[in-house]
Structure formats: C-alpha cells, structure tokens
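Please read the structure below before turning to the comments.
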Amino acid sequence: MGTDKLRYKKFLDSEDFNDILDKNSEDDLNSCADVDYQDFSTNTNYNYFQNHSQILENSIKKEYSNVIPLRRLALSFILSFGVYGYYWFYKNISFLKEYHELEINVKFRTLVYILVPIGNFIVLYDFINTMKYYLNKKGIESYSPFLNILGFIIFGFTPLGIWFYINVQESFNEYWKFEQNYLSIQRNFTSAEIAIIFFVWLSIIVLLIFIAYFLMNYTIGIQHLNGSLN
C-alpha cells in the first residue's frame, strides 16, 4: 500500500498528467490530494487515478533519462576499442540540442568530430563548455573545459583517454538526474551500443581472417618458389 500511495502522490505532482487528463479529471485529482490515508484505497478519485495512471505509465515507460551510467560508458569504450567515443559525442550533443532546443547541427558537428583533425577538438570543446554553462546554472560542481580538452589531446588515443570521458560524463549525469528525476536510468546496453560493439568485433574478425588468408597464400607462394628453384 505504501508503494501505491507514493505513486499516487508522484502522479499528482507530475506535470505530465496534465497532457493526458482533461480539465475535469485534473480538478477531481487535485480535490483528493489531501485524502486521509485510511480511506485512500476506497476513494473514488484514487480509483480514477489507478485507471489513468496506467495511461501515464504507458506513455513514459519506454522513455529513459539522458543519464549514461559510468559502468556502461566504460564497458562500451573497452569493448569497442574506443570507437564508442564517436557515438558518445553524437548522443550527448543530441541530448543538449533537444532538451534546450538549441540551434546545433548535430550531424555536421559529429562528422567534424570524426573526420577533421583539430576541428574535432574545437567542436568537443564547444560542446563541453556549453554543457558547463548549464551545469553552473544549477550549481553543479564540474570540470575545466580547457584541462579536459588538453587531456583529450594528449591521452585521447590511449587507454587513459577514457578517464576524461568519465570525468565530464559524471557531471552530465548529475545534471540529467536533477532535470529528469522522474525518468528511469537505462542500465543495460542500448541497441545502438550493442550494434557498435558487434560491428567493431565483426570488423576485427574479418580483418584477422583476411590477414591469415594473406599470410597463408604468401607462405604457399614462398614454398612454391623455393621448390621451383630447387
């Protein structure tokens, strides 16, 4: 019963239910905000809530917050041999654009991040610096954009590079937990992350097969050549 009461209060306090219920329904729910707990389960407004809360849950049950758990981040980097970093940039800058409705060309910046030397550090700096602005507005202790970019430049292509991604992601997570505390955090790998990891490992396997095939043919060719000479 305690769980139901908590869900009921959360429902009443939520801004999302205004988009689902009509004005009369809203007035009915507000009128029972102070219902005595002993009469809670028999209250007609609570029964109405039970019916409509399912609609609300169905509308958001597949939606997760923008938090990327550090464990998932680290594993994605390791299992993809760092390729995940490009998707990480794309995903986080997409979160920023959509949530704050900014005029950012996500695809163009991602292409620059992937393909353009020096330009990649410029767009990355702009992104984490913009994110720091919103972190500061919420009073969230964060990172130094300059020092992190310096770290990316020096260690970005080594195993130590992951530390700088984790450093900024930790602050991002605090921000999204504050802004989206009504949403669940996705702990498991997303479909995109699984696809990236699969593609990387498939590419490695294909490359190893190609190298093995080349070496085998090269060895056979050398043997044939030696046989001809003898």
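Residue 210 - would you say it is without any contact (Cβ under 8 Å) to a residue 60 or more places away in the chain, part of a helix (DSSP H, G or I), under 23 Å from residue 84 (Cα atoms) and of a type in the set (Phe, Trp, Tyr)?
no
Residue 215 is checked against (1) closer than 19 Å to residue 76 by Cβ; (2) surrounded by 10 or more Cβ atoms within 10 Å (Cβ to Cβ); (3) not β-branched (Val, Ile, Thr) and fails just one. What number does that condition carry?
Unmet condition: (1).
I want to confirm something. Restricting to the range 91-122 and keeping residues that are of a type in the set (Val, Ile, Thr), more than 17 Å from residue 148 (Cβ to Cβ) and assigned to a helix (DSSP H, G or I), which single residue is farthest from the chain's Cα centre (by Cα)? Outline the logic, then answer.
Our first condition is that a residue be of a type in the set (Val, Ile, Thr); within the range 91-122, this holds for 93, 104, 106, 110, 112, 114, 116, 118, 122.
Filter once more, so that each one left must be more than 17 Å from residue 148 (Cβ to Cβ): 104, 106, 110, 112, 114, 116.
Those still in the list that are assigned to a helix (DSSP H, G or I) too: 106, 110, 112, 114.
Numbers: 106: 15, 110: 15, 112: 20, 114: 18 Å.
Ranking the qualifying residues of the range 91-122, first place goes to 112.
Which condition number does residue 103 fail, the rest of (1) within 23 Å of residue 199 (Cβ to Cβ); (2) surrounded by fewer than 14 Cβ atoms within 10 Å (Cβ to Cβ); (3) not aliphatic (A, V, I, L, M) being met?
Exception for residue 103: condition (1).
Among the residues in the range 144-153, are any surrounded by fewer than 19 Cβ atoms within 10 Å (Cβ to Cβ), assigned by TED's automatic domain parsing to the domain that holds residue 82, in a loop (DSSP other than H, G, I, E, B) and free of Cβ contacts under 8 Å to residues at least 40 places away in the same chain?
Among the residues of the range 144-153, at least one is surrounded by fewer than 19 Cβ atoms within 10 Å (Cβ to Cβ), assigned by TED's automatic domain parsing to the domain that holds residue 82, in a loop (DSSP other than H, G, I, E, B) and free of Cβ contacts under 8 Å to residues at least 40 places away in the same chain, which makes the answer yes.
Taking the residues in the range 76-90 that are touching a residue at least 40 places away in the same chain (Cβ under 8 Å) and in a helix (DSSP H, G or I) as candidates, determine which candidate is nearest to residue 132 (Cα to Cα).
Initially, the range 76-90 is screened for residues touching a residue at least 40 places away in the same chain (Cβ under 8 Å), giving 76-85, 87-88.
Of the ones still in play, those that are also in a helix (DSSP H, G or I) are 76-79, 84-85, 87-88.
Values: 76: 24, 77: 23, 78: 26, 79: 29, 84: 22, 85: 19, 87: 20, 88: 17 Å.
Within the range 76-90, the match that is nearest to residue 132 (Cα to Cα) is 88.
Any residue in the range 158-173 that is outside any helix (DSSP H, G or I), assigned by TED's automatic domain parsing to the domain that holds residue 76, modelled with pLDDT under 90 and of a type outside the set (Ser, Thr, Tyr)? Don't jump to the end; show me each part of the working.
If we filter the range 158-173 for residues that are outside any helix (DSSP H, G or I), which is where we start, we get 158-160.
Checking the rest, the ones that are also assigned by TED's automatic domain parsing to the domain that holds residue 76 come to 158-160.
Subset that is modelled with pLDDT under 90: 158-160.
After this cut, where a residue has to be of a type outside the set (Ser, Thr, Tyr) as well, the list is 159-160.
Within the range 158-173, one or more residues are outside any helix (DSSP H, G or I), assigned by TED's automatic domain parsing to the domain that holds residue 76, modelled with pLDDT under 90 and of a type outside the set (Ser, Thr, Tyr).
For the range 121-142, how many residues are surrounded by 18 or more Cβ atoms within 10 Å (Cβ to Cβ) and at pLDDT below 95?
So the count comes out to 1.
Within the bounds of the range 181-191, is there any residue that is assigned to a helix (DSSP H, G or I) and farther than 19 Å from residue 89 by Cα?
So the first thing to find is which residues in the range 181-191 are assigned to a helix (DSSP H, G or I), and the list is 191.
From what's left, farther than 19 Å from residue 89 by Cα: none.
No.
The values are calculated or read from the model by the stated rules, or taken from the named source; none is laboratory data. Not measured: the values here are computed from a predicted model. All Cβ positions, even for glycine, are placed from backbone atoms using ideal geometry, and neighbour counts span all protein chains on display.
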